[in-house]
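Participant: The structure follows.
Here, each number is a calculation from the coordinates, and none is a lab measurement. Values in this document were obtained by computation on a predicted structure and should not be read as measured data. Methodologically, a virtual Cβ is constructed for each residue, glycine included, from the backbone with ideal geometry; neighbour enumeration extends over all protein chains shown.
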Amino acid sequence: MSGRSGNKVAGNATTMRVARRRWLVQAGALVSTAALPFRIPVAVAQAQSTLNALPRVALIIGNSKYIEAPLRNPGNDAKGIAGELQKMGFQVNLKLDAGRSEMIEAIRGFGAELGKKKGVGMFYYAGHGAQLAWKNYLIPVDAVIDRIEDMQTKTVELNSLLEGLIKAQNPMNVIILDACRDNPFGNKVHSQQKGLSQFDAPPGSLLAYATSPGNTAADGEGTNGLYTENLLRELKVPEAKIEDVFKRVRLNVRRKSEGQQIPWESTSLEQDFYFLPPAQLKKLTAEEAEKLFEEQLGTWERVKASKDLAPIEDYIRKYPSGNFSELAQFRLDKLLAEKEVVAAEAERQKQAKLAEERRIAENKRLADEKRLEEEKKLALEKRLAEERRLAEEQKIADQKRLAALTEEKRIAEEARLAQDRKLAEERRVAEEKKLAEEIRGTEEKRVAHARMIAQANAEIVKPVQPASIEANPYTKGNARIDTQFKIGDSYSYREIDLYTKIETRNFVNRITQITEDQVIFGDGRFVTDFFGNQIKTPNGWTYTGAQFFIAEYAIGKKWSTRFKVEQQIRTSETEIEFKVVAREKITVPAGTFDAFRIEGAGWSRTSLGESNSNNPKYWIAPGIRRPVASETYRRTSGGKVLSYERQELTAYLQQ
């Protein structure tokens with residue numbers, strides 16, 4: 001699955017090839033033959049048919065009437081789900097606005113009924129939920145939570161349900177939690193983490209959250225919550241596999257909430273289950289499978305470069321588990337991110353324009369106020385000057401008229417006029433002081449208003465962050481692949497023949513160019529997408545739509561790929577089913593990594609009629625943009641081993 005470029009390991013290559021050829025000949029004689037392409041065994045098909053024919057038992061709880069933080073829709077959600085499940089043959093126990101004792105008793109009875117009937121179990125809960133110390137708690141309507149520790153004694157721990165289901169030993173369970181509404185305790189208690197904690201699904205089960213762990217879900221504006229509204233719609237789609245139901249729900253909720261709410265699932269299911277199964281479960285014939293593949297491929301080739309969201313969404317809705325669904329989801333993520341960037345920039349420019357308009361208006365207002373104050377000041381000074389002039393004229397007139405008066409009257413009159421002047425001056429000083437105070441107050445208001453505008457413009461809405469799962473003992477976590485490749489990043493590998501244990505070669509993949517949707521290594525003969533899926537290899541092969549590698553890994557996740565390879569003298573088709581089977585420490589020359597192990601099983605067939613099994617395995621470590629190790633095991637339909645090789649990361653440089 002890595003590019004074949006680099007130098008041969010020094011040593012006696014001829015001896016190595018002879019030893020390997022001898023080993024393969026011996027191994028080929030011992031391996032039983034198998035016709036290709038592979039068919040699902042009759043026993044597996046019968047098991048799937050039996051699973052969908054088993055008794056169906058459901059416990060539905062909807063809690064709305066909380067004392068301190070009532071909700072609008074959980075009761076409607078629960079009744080809606082119960083009604084649909086009854087139509088699908090489920091034996092339904094519906095509990096509305098249940099207290100703690102009633103919930104505990106109902107959960108015990110649910111586990112006992114499944115243990116007796118060994119059927120398919122369905123648990124649905126809508127209402128308040130919370131997490132504490134990585135455990136999830138469903139909150140009864142009679143719970144009075146005065147402190148966070150009260151959750152352990154006044155709520156219902158999700159583990160009590162899971163333990164009952166494990167004890168029942170029934171073949172399959174579905175647990176749906178629409179329990180991530182915000183503010184479950186009113187104003188008295190504040191949980192350290194929002195929403196629910198991440199759990200890995202127990203064996204034979206699917207665990208579905210209304211939103212990603214650590215985040216909250218919308219209660220909804222209509223009759224139902226946003227999540228259940230879409231779940232009710234998708235449950236009614238005939239012949240839809242259960243994983244496809246939840247993938248369509250996730251797409252719809254994400255788009256309706258504009259990315260604020262993204263449902264999440266953990267699965268360990270091994271068989272297909274249908275809420276509305278087809279009349280007859282059967283494996284597609286080779287012709288039907290080929291027709292479906294060509295249909296998917298043609299559709300994907302038409303829409304994969306689209307800049308419009310609609311055709312990508314339509315592809316995901318039509319083929320939620322298709323051969324290119326992971327690539328389509330990544331394309332959708334990229335388009336949504338670009339749309340968010342454009343919208344954010346438009347909003348920033350809008351706010352900047354509004355701020356500038358407010359600034360201009362404020363400056364004009366302040367200028368007008370200052371002009372008015374200046375006019376008042378000038379008018380006052382003019383009035384005072386006029387008063388002084390008139391007073392002076394009056395004084396002169398009085399002096400002329402009273403020249404004959406005695407010196408005593410003259411002195412008294414001068415004193416009176418002096419007092420008048422003093423009072424006038426005091427009035428003038430007081431008026432000027434008042435005017436200065438008004439101007440200063442106006443300036444302070446302007447500065448405060450400008451500061452408020454600057455602070456509002458500086459605020460940035462922070463995206464909702466998922467809860468950390470580093471210390472969570474109930475999950476192996478999940479990892480989204482880092483696709484931020486940089487020119488100059490390099491990855492060095494060694495290749496080992498696992499039969500002879502001989503190192504056959506080593507090579508370096510160094511990024512020299514990055515386009516909108518391709519990562520180009522070296523001289524351009526090795527090209528991948530941003531997941532690391534091959535598009536072109538140094539030996540001249542070109543790949544159409546391979547999705548070996550995907551965007552996000554979690555224990556139990558499954559996906560399929562089917563793609564074409566154009567070679568020099570022939571073409572080939574490959575189909576592989578992948579599953580994330582473990583998270584484990586792996587040591588390679590580049591170091592020790594905490595990685596997800598992914599295993600695949602499938603086949604390849606060439607235009608020359610050759611066919612072989614194809615069972616790859618690889619390890620992906622969070623933060624490392626290329627696989628830290630991979631293994632290839634291929635053999636012909638006659639049992640001859642074609643390759644059994646391992647590639648290990650020996651060094652890497654990421655900028």
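Participant: Multiplying the sequence separation of K318 and V237 by 0.36 nm and subtracting their Cα-Cα distance, what value in nm do you get?
Facilitator: Extra length available between K318 and V237 comes to 28.0 nm.
Participant: From the backbone phi of the stretch 273-284, what are the Karplus-calculated ³J(HN,Hα) couplings (6.51 cos²θ - 1.76 cosθ + 1.60, θ = phi - 60°) in whole Hz, Gly and Pro given as x?
Facilitator: Working through the residues one at a time gives 10, 10, 5, 10, x, x, 4, 9, 7, 8, 6, 4 Hz.
Participant: Please compute, for the alpha-carbon atoms of the stretch 92-184, the extent along each of the three principal axes and give them in descending order in Å.
Facilitator: 40, 26, 20
Participant: Here is the link list: K167/K557; K154/K256; K350/K486; K382/K409. Which ones come out longer than 27 Å on Cα distance?
Facilitator: K154/K256; K350/K486; K382/K409
Participant: List the trypsin sites (Lys or Arg not before Pro) within the stretch 473-513 that fall in a DSSP loop (any state other than H, G, I, E or B) and whose Cβ has at most 15 other Cβ atoms within 10 Å.
Facilitator: Numbers: sites: K476, R480, K486, R494, K501, R505, R510; in loops: K476, K486, K501.
When the trypsin sites (Lys or Arg not before Pro) of the stretch 473-513 are filtered for loop state and at most 15 Cβ neighbours within 10 Å, K486, K501 remain.
Participant: For the stretch 304-465, just list the percent of Cα-Cα distances falling in each 5 Å bin from zero outward, please.
Facilitator: Final binned percentages: 2, 7, 9, 9, 7, 7, 6, 6, 6, 5, 5, 4, 4, 4, 3, 3, 3, 2, 2, 2, 2, 1, 1, 0, 0.
Participant: Calculate how steeply helix 74-87 sits against the longest principal axis of the alpha-carbon atoms of the chain, using the helix alpha-carbon long axis, and give the answer as 0 to 90 degrees to the nearest 10.
Facilitator: It is inclined by approximately 20 degrees.
Participant: Between 0 and 90 degrees, rounded to the nearest ten: what's the tilt of helix 42-53 against the longest Cα principal axis of the chain?
Facilitator: Between helix and principal axis, roughly 50 degrees.
Participant: Another question, then. Treating the angle as unsigned and between 0 and 90°, give the value, to the nearest 10°, between the Cα long axis of helix 407-458 and the longest Cα principal axis of the chain.
Facilitator: So the helix axis and the longest Cα principal axis differ by about 10 degrees.
Participant: Something else now. In nanometres, what is the gap between the two model label sites at A355 and R255, each 7 Å from Cα along Cα-to-Cβ?
Facilitator: Modelled inter-label distance: 3.5 nm.
Participant: Could you tell me, in Å, what Rg and Dmax come out for the Cα atoms of the stretch 535-655?
Facilitator: Using the Cα atoms of the stretch 535-655, the pair Rg, Dmax is 15.2, 47 Å.
Participant: Continuing with the same structure: Scale the Cα Rg of the chain by the rule-of-thumb value 2.2 N^0.38 Å and send over the ratio, two decimals. Kindly include the intermediate steps, with their values, before the conclusion.
Facilitator: Details: Rg = 38.0 Å, N = 655, 2.2 N^0.38 = 25.9 Å.
Ratio of Cα Rg to 2.2 N^0.38 Å: 1.47.
Participant: Here's a follow-up. Give me the net charge for the shell around G204: Cβ to Cβ below 12 angstrom, other residues only, Lys and Arg +1, Asp and Glu -1.
Facilitator: Net charge in that neighbourhood comes out at 0.
Participant: Report the equivalent ellipsoid semi-axes for the stretch 43-282 in whole Å, largest first, defined as the square roots of five times the eigenvalues of the gyration tensor built from alpha carbon atoms. Spell out each step's value before the answer.
Facilitator: On the way: eigenvalues 161, 78, 49 Å².
Each semi-axis is √(5λ); the values are 28, 20, 16 Å.
Participant: Can I ask one more? What's the Cα-based Rg to Rh of the stretch 250-397, Rh via Kirkwood?
Facilitator: 1.60
Participant: In whole Hz, what ³J(HN,Hα) sequence does the stretch 295-305 give by Karplus (6.51, -1.76, 1.60; θ = phi - 60°), x for Gly and Pro?
Facilitator: Running phi through 6.51 cos²θ - 1.76 cosθ + 1.60 with θ = phi - 60° gives 5, 4, 4, x, 5, 5, 4, 6, 10, 5, 9 Hz.
Participant: Simple spin-label model, 7 Å along Cα-to-Cβ: I166 to L276 in nm?
Facilitator: My value for the distance between the label points is 3.6 nm.
Participant: While we're looking at this one, here's another question. Apply the Karplus curve 6.51 cos²θ - 1.76 cosθ + 1.60, θ = phi - 60°, to the phi angles in the stretch 579-596 and return the couplings in whole Hz, x for Gly and Pro.
Facilitator: Each residue of the stretch 579-596 in turn: 8, 7, 9, 6, 10, 8, 7, 9, 10, 10, x, 6, x, 9, 10, 8, 10, 8 Hz.
Participant: What does the helix-only formula give at 222 nm for the chain: each DSSP H stretch with n ≥ 4 adding -39500 (n - 2.57), the total divided by the residues, and the result rounded to the nearest 500 deg cm²/dmol?
Facilitator: Working: 12 runs with 259 residues, N = 655.
Result for the chain: -14000 deg cm²/dmol, rounded to the nearest 500.
Participant: Another question, if that's okay. At most 10 other Cβ atoms within 10 Å and a DSSP loop assignment: could you name the GluC sites (Glu not before Pro) in the stretch 480-518 that fit?
Facilitator: E516
Participant: What distance in nm lies between label points placed 7 Å from Cα along the C-beta direction at Q399 and L292?
Facilitator: 11.8
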